[in-house]
Amino acid sequence: MTQLATASRPVITEPAVAATPSAPRGDRRLPSLTGLRWAAAFVVFGLHISVSGLFTNDSRAEHVAMVLFGNGASGVSFFFILSGFVMMWAFRPDDRPLRFWRRRVARIYPVHVITALAAILLALALKSEDLPKPGPALTNLLLIHAWWPDYAHNQSMDKVSWSLACEAFFYLVFPFVGPLAHRLSARAATVMAGGSAVIAMAIPIAAHAENVHWPVHILPIARVFEFTLGIALARLVVLGRWRGPGMEVSLAVTLIGYFTAPALPYDYGYIVPTLIGFALLIPAAATADLRGAASVWRSPVMIRLGELSFSFYMVHLLVMHAVRALFPKLKHIESIPGSLTAAGIFTLALGVTWLTYRYVEVPANRLIMGRSTLFRRRVAVTS
């Protein structure tokens, strides 16, 4: 599920890449992708609210929640594709691996450490069984816990951090994949995009069986093809050779996949139904920004929320667990109080998000990178 940009307005930009034929000269910002990041984080939140037990006493409310957010986990797939897209968009041939990795550590690690510590403190305060043992805690802090098949490891501490372990693997390989992708012709990039999409969808289909959640959905090597899909799509946009549909059609394809996913077998729903839609929507949003076309996703509100999306993703489940533990009677309630409770949890999570962004994410990045280089290359990446 990771992003970086200016301290006040992070938008995706890369001045080092030659302008595509459709891009206004000198304007490389892709703010719509920042806004879309928020939408992806929000559906993940919606999924966790839907399965939290708030609406189990009201079958209709529970059904509505699951229709709206039952496929919210697909937001992580969007993050992985977007991550590859943005890294390729921001690629510089003269960039060195150590500099790249330093930027990535500065971007995600401070928030990861803070939320991991918060998860431990929360487990201690609540005397919860979620308190990790030293081994899982260490693998979590090193962002390698998604490589372990057992729940105690890959869901340790802040449970959503498994996706950061996937991102860490993507960051590790990108300095070696990026230069190769930078040399691809449009035809080769198209083949790479198609091959990545086919493999990403084939893995859950081929693995259709009992208890396949870890090797299909959490194991980093299984999710890397979404990342390489994003790389190939960005290469096509950089070359000015993207020929996909516009925002409206791409969004429609995405929504059709999103809302039909619950009708498919569980193993397929996280990736297969929405992959094509995401692969159309991300370059469509990018090219719309380059042309200066209208886009609701780059409104000031959406951009601001997109800035907060990484911190929101990392804190929302901890806030949810804390509220449910402190107020156990908030489970199994009717639709109206349940909806009000969900709205309250969202508001509280957004407040904690702002504090995390303002007092952890930005200053820690400044500390690691140095004030002069912190936001020199404004990049928004999802993890």
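Count of segment 55-114 residues, restricted to those that are over 22 Å from Ser339 (Cα atoms) and not in a helix (DSSP H, G or I), is 7.
Do the conditions hold for Pro136, that is, is it over 25 Å from Ala40 (Cβ atoms) and either in contact with a Pro (Cβ under 9 Å, 6 or more places away or on another chain) or not in a helix (DSSP H, G or I) (or both)? No. Being charged (D, E, K, R), closer than 21 Å to Val160 by Cα and part of a helix (DSSP H, G or I), is that true of even one residue in segment 329-343? No, because not a single residue in segment 329-343 is charged (D, E, K, R), closer than 21 Å to Val160 by Cα and part of a helix (DSSP H, G or I). When the residues of segment 190-241 are narrowed to those that are crowded, with 22+ Cβ neighbours inside 10 Å and hydroxyl-bearing (Ser, Thr, Tyr), which ends up farthest from Glu167 (Cα to Cα)? Filtering segment 190-241 for residues that are crowded, with 22+ Cβ neighbours inside 10 Å and hydroxyl-bearing (Ser, Thr, Tyr), the one farthest from Glu167 (Cα to Cα) comes out as Ser196. Considering segment 43-84, the residues that are hydroxyl-bearing (Ser, Thr, Tyr) and farther than 18 Å from Ser311 by Cβ include one that is modelled with the lowest pLDDT, namely Thr56. Based on what the data block shows, is Thr353 modelled with pLDDT of 75 or more, among the polar types (S, T, N, Q), in a helix (DSSP H, G or I) and buried (at least 17 other Cβ atoms within 10 Å of the Cβ)? Yes: the conditions hold for Thr353. Across segment 271-312, the qualifying residues are those that are under 25 Å from Thr353 (Cα atoms) and hydroxyl-bearing (Ser, Thr, Tyr), and the one among them that is surrounded by the most Cβ atoms within 10 Å (Cβ to Cβ) is Ser309. Selection over segment 241-288 of residues that are at pLDDT 95 or above and of a type in the set (Ser, Thr, Tyr) gives a count of 5.
Residue by residue, here is whether (1) over 24 Å from Pro283 (Cα atoms); (2) among the small types (Gly, Ala, Ser); (3) assigned to a helix (DSSP H, G or I) holds:
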| site | (1), (2), (3) |
| --- | --- |
| Ile199 | no, no, yes |
| Trp214 | yes, no, yes |
| Val224 | no, no, yes |
| Ala234 | no, yes, yes |
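Among the criteria (1) under 17 Å from the mean Cα position of the chain (by Cα); (2) within 22 Å of Pro97 (Cβ to Cβ), the one Arg235 does not fulfil is (1). If you go through segment 37-59 and keep only what is in contact with a helix residue (DSSP H, G or I) (Cβ under 7 Å, 6 or more places away or on another chain), closer than 22 Å to Pro328 by Cα and not aromatic (Phe, Trp, Tyr), you end up with Gly46, Leu47, His48, Ile49, Ser50, Ser52, Leu54, Thr56, Asp58. Kindly provide the set of residues from segment 121-133 that are surrounded by 19 or more Cβ atoms within 10 Å (Cβ to Cβ) and part of a helix (DSSP H, G or I), ordered by number. Leu122, the sole residue that qualifies.
The values are calculated or read from the model by the stated rules, or taken from the named source; none is laboratory data. Since the structure is predicted, the reported quantities are computational estimates derived from the model, not experimental observations. Neighbour counts are summed over all protein chains in view; Cβ atoms, including those assigned to glycine, are modelled from backbone coordinates with ideal geometry.
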